[in-house]
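Below: one structure, written as structure tokens.
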Amino acid sequence: MIINNINSPNLKVKRYVYMILLKFNHLQQDISLLSINAIQKSLTHKNCANRSLSIRVLAGIKIPAILPILILSLKKSIKDSSPLVRSSSAIAIIKCFELDQAYNGSVIKESLEDESSTISQLYNFLDILLSDSDPKVLSVALNAYKFIFPEYIDLIHNKIGHLISKLDQLDDHAQCLTIDMVTDYAKLYFPQPTETIMCPELELLFEKFKFLVYSPHSNAILSMVRCVSKLMPFKIETLKLKDVMLRFVKESSVISNYILNEIYLLLSDNFISFSDNQISLFIPLSTDNFRISKIKILIFFKLLNHYNFDIFFSQIRFLIESSNLTSKHKSLIIKQLNSLSITQEQFQKVIKFFLVKLNSERNGLLINEYILSLRQLIQDDLVKYIDILFRLSGKLINVEEEDQLTSIAKSSIIWLLGEFAVNYYNYTEYTAKVETLFSYLPDLFRILLQTFKEESQQVKLDILTALAKLTAVEFYNSKKTTSEPVNLYNNSTWKLFNYALQLTKYDQSLDTRDKSRLIGSILPNVTYQANTTTHQLNIDGLLSITQEECYAKLQEVELSILLLHTNKPKPQQQQSGSSLADSQLDNTIAKFNQITPDKLDLDYLDYYNEVRSIQ
């Protein structure tokens with residue numbers, strides 16, 4: 001049937017035959033090869049649709065023996081008078097390359113050195129098609145270039161101006177390819193543009209962008225935003241890219257996600273800004289999926305400052321208290337709220353809100369975030385916030401099973417108590433509450449040590465460190481105020497410290513044992529100085545053996561105090577810069593926005609200008 005109907009004058013019949021041939025040519029190669037002669041004859045048919053169909057069918061036959069015939073046919077078809085045939089030739093170049101790779105495995109670099117090779121001839125064909133004046137041919141040729149020779153810039157040096165001039169006439173996919181290609185090309189081969197001076201090619205590109213901003217295709221808009229932000233960010237306001245991107249925020253979830261990520265990146269680089277009226281566009285909705293809600297939250301807080309904080313604080317409270325957002329989203333809101341640069345009055349408002357929510361919240365993840373946030377907010381002035389520290393310390397004991405704190409939350413509170421203890425005698429304002437909390441600490445740690453073995457590694461280390469700070473500060477104060485040495489036999493804090501050392505000395509975690517050994521080396525103790533191998537600890541008995549070493553160690557307590565004064569991690573304030581934004585971006589957008597850091601060496605500018613002028 002194939003042989004009988006391949007020459008049918010009826011175009012519909014011929015198309016059906018071609019479809020069958022394309023589908024089963026690799027199964028009956030003999031019949032396929034017999035049909036090639038008839039297909040070649042169709043390449044000279046007066047109907048351009050026939051010629052176009054013939055070259056595409058010829059390229060679709062997956063038989064390696066056909067490669068020489070296909071190359072010979074392409075030599076004629078790329079110069080055909082019909083744009084339809086030339087665009088089909090560009091598609092055939094891609095299929096010819098795939099066939100060559102599948103059966104010959106040609107290496108492009110080596111093949112280009114041999115002018116008779118298939119790859120080299122395809123290179124020359126593309127060279128001709130990329131100079132074509134028809135936008136449809138150029139669109140397909142650009143796809144072929146991107147697919148086969150994406151790294152061979154020499155192919156487009158003298159065509160870059162031509163490609164830019166046709167930008168607004170290309171299809172949307174070819175527009176994206178062209179803009180992305182020009183963006184990377186311009187970084188390496190054009191001089192750095194300024195507000196007053198731009199090379200002619202970039203001037204032309206900017207003029208094309210004035211019309212492209214009205215494109216309905218989000219991909220073309222994203223490519224344009226990337227190009228302008230990387231090459232000429234001073235033109236962002238002129239092109240009103242902010243408003244252009246806002247058109248797509250309410251599109252499908254995929255498009256909206258990419259656009260929002262791009263907005264976040266531009267905000268991080270301080271390239272765009274929004275009015276207070278526009279900020280509400282970035283409040284997450286119940287219909288938004290997880291990714292869109294997350295990026296909206298990040299953008300929303302990126303736009304907040306001490307000037308508009310009071311306007312949107314009620315909205316923030318609603319998002320946390322009443323909205324349908326997931327716990328992860330609410331956790332992110334709490335983190336972002338904690339990182340804002342706001343006034344002292346607004347700061348107090350946030351702390352009060354966190355405390356209210358901490359008492360009523362039952363979600364473990366959110367409780368954890370409230371405690372972590374409060375830790376960062378109050379750690380620089382614990383005396384001022386002594387009431388909060390009291391309430392947090394109460395969370396460590398007498399907690400019902402459903403309100404159990406996470407390990408991170410426990411560690412945060414214990415760390416604060418350790419900081420309070422080590423700085424106790426440096427406080428200038430002593431109040432009854434401060435003294436009460438300090439005297440209460442030994443009893444609190446005695447309770448915590450009862451469940452020490454069940455705690456996480458981080459909680460164990462924080463308990464040990466806090467006890468070390470409390471012990472060291474007691475020794476240091478005693479040394480400063482009295483001439484008599486500390487009575488270790490009657491010091492309950494020191495005994496608790498030794499017990500914690502004993503528990504961590506034989507812990508399963510190597511890090512815990514190392515930290516225990518380190519702390520044991522800077523403070524007097526019987527756990528390590530007695531060099532005992534038993535798990536049982538008789539502190540009074542061991543002290544009688546190591547009393548001289550322990551009291552000698554007391555003379556070095558100043559060094560212990562210095563070593564235990566750890567740096568406090570500050571709340572993460574909002575900063576600008578694309579490097580900070582990259583960690584929050586969707587991986588696809590982050591990869592899309594990557595661009596070479598290299599720039600043009602101006603010594604080669606004249607050479608590249610000459611290369612671009614060659615026709």
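The values are calculated or read from the model by the stated rules, or taken from the named source; none is laboratory data. Owing to the predicted nature of the structure, the values given are computational and were not obtained by experimental measurement. Here Cβ is always computed from backbone atoms with ideal geometry, including for glycine, and neighbour counts include all displayed protein chains.
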Among the residues in the range 63-80, are any farther than 17 Å from Lys146 by Cα, of a type in the set (Lys, Arg) and part of a loop (DSSP other than H, G, I, E, B)?
yes
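Per-residue answers, yes or no, for (1) touching a Ser or Thr at 6+ places or on another chain (Cβ under 7 Å); (2) within 25 Å of Leu246 (Cα to Cα); (3) of a type in the set (Asp, Glu):
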| position | (1), (2), (3) |
| --- | --- |
| Leu298 | no, yes, no |
| Phe312 | no, yes, no |
| Leu325 | yes, yes, no |
| Ser331 | no, no, no |
| Asn368 | yes, no, no |
| Leu377 | no, no, no |
| Lys384 | no, no, no |
Does the range 137-154 contain at least one residue that is within 16 Å of Arg612 (Cβ to Cβ) and part of a helix (DSSP H, G or I)?
yes
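Can you find a residue in the range 93-104 that is in a loop (DSSP other than H, G, I, E, B), farther than 25 Å from Met181 by Cα and in contact with a Ser or Thr (Cβ under 9 Å, 6 or more places away or on another chain)? Break it down into steps so the answer makes sense when it comes.
Our first condition is that a residue be in a loop (DSSP other than H, G, I, E, B); within the range 93-104, this holds for 104.
Those still in the list that are farther than 25 Å from Met181 by Cα too: 104.
Those still in the list that are in contact with a Ser or Thr (Cβ under 9 Å, 6 or more places away or on another chain) too: 104.
Scanning the range 93-104 turns up at least one residue that is in a loop (DSSP other than H, G, I, E, B), farther than 25 Å from Met181 by Cα and in contact with a Ser or Thr (Cβ under 9 Å, 6 or more places away or on another chain).
Taking the residues in the range 246-263 that are closer than 23 Å to Asn305 by Cβ and surrounded by fewer than 20 Cβ atoms within 10 Å (Cβ to Cβ) as candidates, determine which candidate is nearest to the chain's Cα centre (by Cα).
First pass over the range 246-263, keeping only residues closer than 23 Å to Asn305 by Cβ: 246, 249, 260-263.
Retained after the next criterion (residues that are surrounded by fewer than 20 Cβ atoms within 10 Å (Cβ to Cβ)): 246, 249.
Working: Leu246: 22, Val249: 20 Å.
Filtering the range 246-263 for residues that are closer than 23 Å to Asn305 by Cβ and surrounded by fewer than 20 Cβ atoms within 10 Å (Cβ to Cβ), the one nearest to the chain's Cα centre (by Cα) comes out as Val249.
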What do you reckon, is Lys14 surrounded by 15 or more Cβ atoms within 10 Å (Cβ to Cβ), over 30 Å from Ser131 (Cα atoms) and at pLDDT below 85?
yes
Can you tell me which residue in the range 145-175 is farthest from the chain's Cα centre (by Cα), limited to those that are within 15 Å of Pro216 (Cα to Cα) and among the charged types (D, E, K, R)?
Asp168
Arg317 vs. criteria over 30 Å from the mean Cα position of the chain (by Cα) and either among the basic types (Lys, Arg) or not in a helix (DSSP H, G or I) (or both):
no
Give me the residue from the range 441-473 that is among the acidic types (Asp, Glu) and touching a helix residue (DSSP H, G or I) at 6+ places or on another chain (Cβ under 8 Å) and, out of that set, surrounded by the fewest Cβ atoms within 10 Å (Cβ to Cβ).
Glu455
If you go through the range 161-205, how many residues are touching a Lys or Arg at 6+ places or on another chain (Cβ under 7 Å) and basic (Lys, Arg)?
1
Residues in the range 270-314 that are surrounded by 16 or more Cβ atoms within 10 Å (Cβ to Cβ), modelled with pLDDT of 90 or more and either acidic (Asp, Glu) or not in a helix (DSSP H, G or I) (or both) total 7
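Each row is one residue, and each column tells you yes or no for (1) farther than 20 Å from Val225 by Cα; (2) out of contact with any helix residue (DSSP H, G or I) (no Cβ under 6 Å at 6 or more places or on another chain); (3) at pLDDT 85 or above; (4) of a type in the set (Phe, Trp, Tyr).
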residue	(1), (2), (3), (4)
Gln575	yes, yes, no, no
Asp582	no, no, no, no
Ile595	no, no, yes, no
Asp606	yes, yes, yes, no
Arg612	yes, no, yes, no
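Quick check: is even one residue across the range 288-303 farther than 29 Å from Glu419 by Cβ and polar (S, T, N, Q)? Before you say what the answer is, go through the steps one by one.
So in the range 288-303, the residues farther than 29 Å from Glu419 by Cβ come out as 288-300, 302-303.
Then drop every residue that is not polar (S, T, N, Q), which leaves 289, 293.
For the range 288-303, residues farther than 29 Å from Glu419 by Cβ and polar (S, T, N, Q): present.
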What are the pairs with Cβ atoms under 8 angstrom where one residue, in the range 114-126, is buried (at least 22 other Cβ atoms within 10 Å of the Cβ) and the other, located anywhere, is of a type in the set (S, T, N, Q)? Sequence gap at least six, or different chains.
Ile119/Ser106; Ile119/Ser111; Phe125/Ser89
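Of everything in the range 434-467, what is of a type in the set (D, E, K, R) and in a helix (DSSP H, G or I)? Give them in sequence order. Don't jump to the end; show me each part of the working.
Filtering the range 434-467 down to residues of a type in the set (D, E, K, R) leaves 435, 443, 446, 453-455, 460, 462.
The answer is Glu435, Asp443, Arg446, Lys453, Glu454, Lys460, Asp462.
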Over the range 218-243, the set of residues crowded, with 20+ Cβ neighbours inside 10 Å and among the hydrophobic types (A, V, I, L, M, F, W, C) is Ala220, Ile221, Leu222, Met224, Val225, Cys227, Val228, Leu231, Met232, Leu241
Which condition number does Ile272 fail, the rest of (1) of a type in the set (Val, Ile, Thr); (2) free of Cβ contacts under 8 Å to residues at least 24 places away in the same chain; (3) in contact with a Lys or Arg (Cβ under 9 Å, 6 or more places away or on another chain) being met?
(2)
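Here's the yes/no breakdown for (1) farther than 19 Å from Ser52 by Cα; (2) hydroxyl-bearing (Ser, Thr, Tyr); (3) touching a helix residue (DSSP H, G or I) at 6+ places or on another chain (Cβ under 7 Å); (4) modelled with pLDDT of 95 or more:
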| position | (1), (2), (3), (4) |
| --- | --- |
| Asp80 | no, no, yes, no |
| Lys95 | no, no, yes, no |
| Gly105 | yes, no, no, no |
| Asp114 | yes, no, yes, no |
| Ser133 | no, yes, no, no |
| Lys136 | no, no, yes, yes |
| Ala141 | no, no, yes, yes |
Given the conditions (1) surrounded by fewer than 19 Cβ atoms within 10 Å (Cβ to Cβ); (2) among the aromatic types (Phe, Trp, Tyr); (3) free of Cβ contacts under 8 Å to residues at least 24 places away in the same chain, which single one is not true for Phe438?
(1)
